[in-house]
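Please read through the structure below; I'll follow up with questions.
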Amino acid sequence: MTRTDQLRDIRTTPRRTALISGAGIAGPALAFWLNRYGFAVTVVEKASTLRDGGYPIDVRGTALHVVRKMGILPRLRDAHIDVRRLTFLEEDGSVVASVNPHTVTGGVAGRDLEVRRGDLTDALYATVRDDVEFLFDDSIDTLDQSGHGVDVTFRGGSRRTFDMVFGADGLHSRTREFLFGPEERFHRYLGYCFAGFTVRNTFGLSHELMMWNTPGRAAALYAVGNKDDVHAFLNFARPEPPFDAFRNPEAQRDLVAAVFADAGWEVPGMVAALRDADDLFFDVVSQIRLPRWSSGRVALVGDAAYAPSFLTGQGSSLALVGAYMLAGSLADRDHAAGFAAYEQNTREFVTVNQEQVGEGDAALFPTTARALERRNAMLRHLSAMPPTEGRPAHSALTLPEFMPMT
């Protein structure tokens, strides 16, 4: 059968149905491409609406080609934050060094993007909202693959059957747990916890980040523009993940406050603001490493399958690229062949980006006085260096062209 015959057959047979769990970045991106390949797509999201705002995220390398193909690159260019300076501070608040952000991140000035997470999710949602069904304030309660499709029971009580189901539900994916068991089996903890929230910009900061460090602790203020608020981050080393605090915001606040109780600089004010913050985001710095990304008619994408951790700065980019590769692999294949092709053609790109944490990124958060001295010496050296031309890992995959879209 020729490719033209395959395309004709696909267009004259009933549309395949797909359910995506998660309306963050990977979910709407996957919905966009599956819809273009003729699927009838439903996205279920446990939140009552899209999550706006949020901390800045990066879109680099191969992912830039994905957003260009989606037609949202101009919108993201308009939303680009353009952070111009990273300033690192000693314990007493004196300056260690100020460096160009791209020198540290491996980004490319004038090409790579940094946008608020909400700006990216809004852009993705706008591309699919008229073509895709969204179910907010709901989630998957059970999955059953014993029949010819996937029988899904939703938390709200309804039941439906889909040809395929996709987990795009993040680092702590429930879909992954349905398929492969508890998260602890696949969770590679990298030794840090962090809390993020917004505070009033009383510091006169604009388009810059300031980071204070002592061994095992970091506090950062991230101003993404001439705004009234800045993003605050409190990051600290911890031998084991504080699992008991994951679902208890008060326990999270108490833990962070105890770790930073004697800290200097602006940290006491940040800890006080943490107590009242209504947008606190607390988590561990971790990766997900799975031996396979699918089982039967269910597959995972983005952080649910291969979270790289924020130390790489590649979480959003991997989600965008993974969504493109997964949908394209299914364009003219059944689920078994499509899932196999997705993994075969995407895993190397994922692995090389996950392994960036072994190439110095974690050195920005040293845990000993000696390591902090080495990091500061490195930063002073970098402050005199021109920006880099990007890291090879960011562009390690050339996007294939898949079957013409329906």
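Starting from the Cα-Cα distance between GLU250 and ARG289, subtract it from 0.36 nm times their residue separation and give me the gain in nm to one decimal.
Between GLU250 and ARG289, full extension yields an extra 11.0 nm.
Long-range amide H contacts for TYR192: which residues qualify at under 5 Å (H placed 1.01 Å from N, peptide plane, sequence gap of 5 or more or a different chain)?
ARG238, VAL285
Moving on to the next point. With all protein chains present, calculate the accessible area of TRP265 using a 1.4 Å probe and round the result to the nearest 10 Å².
Near enough 70 Å² of accessible area.
Along Cα→Cβ, 7 Å out, is where each label goes; now give me the distance between the ones at GLU240 and ALA261 in nm to one decimal.
Going from the GLU240 label point to the ALA261 one covers 2.1 nm.
First compute the accessible area of the chain with a 1.4 Å probe, then give the percent of it belonging to carbon and sulfur atoms.
Working: 8540 of 17810 Å².
On the chain, the fraction of accessible area on carbon and sulfur atoms equals 48 percent.
With the other protein chains left in place, how much accessible area per residue, in square angstrom, belongs to the chain at a 1.4 angstrom probe? Walk me through the intermediate numbers first.
On the way: 17810 Å² over 406 residues.
I get 44 Å² per residue for the chain.
Also: I'd like the projected area of the range 45-127, averaged over all directions, using the convex hull of its alpha carbons. Report it in nm² with one decimal. Each step should come with its number before you reach the end.
On the way: hull surface 29.4 nm².
Across all orientations, the range 45-127 yields a mean hull projection of 7.4 nm².
So, one more: Report Rg/Rh for the range 116-180, rounded to two decimals, where Rg is the Cα radius of gyration and Rh the Kirkwood radius.
Expressed as Rg/Rh, it is 1.01.
Still on this structure, I have one more. What is the gain in length, in nm to one decimal, between VAL95 and ALA369 on full extension, counting 0.36 nm per residue of separation less the C-alpha to C-alpha distance?
Length gained between VAL95 and ALA369: 97.0 nm.
On to the next question. Over the Cα atoms of the chain, what is the Rg over Rh ratio if Rh follows Kirkwood? If you can, show how the numbers build up before the last one.
Numbers: Rg = 21.7 Å, Rh = 22.2 Å.
Radius of gyration over Kirkwood radius for the chain works out to 0.98.
The values are calculated or read from the model by the stated rules, or taken from the named source; none is laboratory data. Just so we're clear, the structure is a prediction, and the values are computed from it rather than from any experiment. As a convention, Cβ positions derive from the backbone with ideal geometry for all residues, glycine included, and neighbour counts pool all protein chains shown. Just the protein is used for accessible areas: all its heavy atoms, side chains included, with ligands, DNA and RNA removed. Shrake-Rupley method; radii C 1.70, N 1.55, O 1.52, S 1.80 Å.
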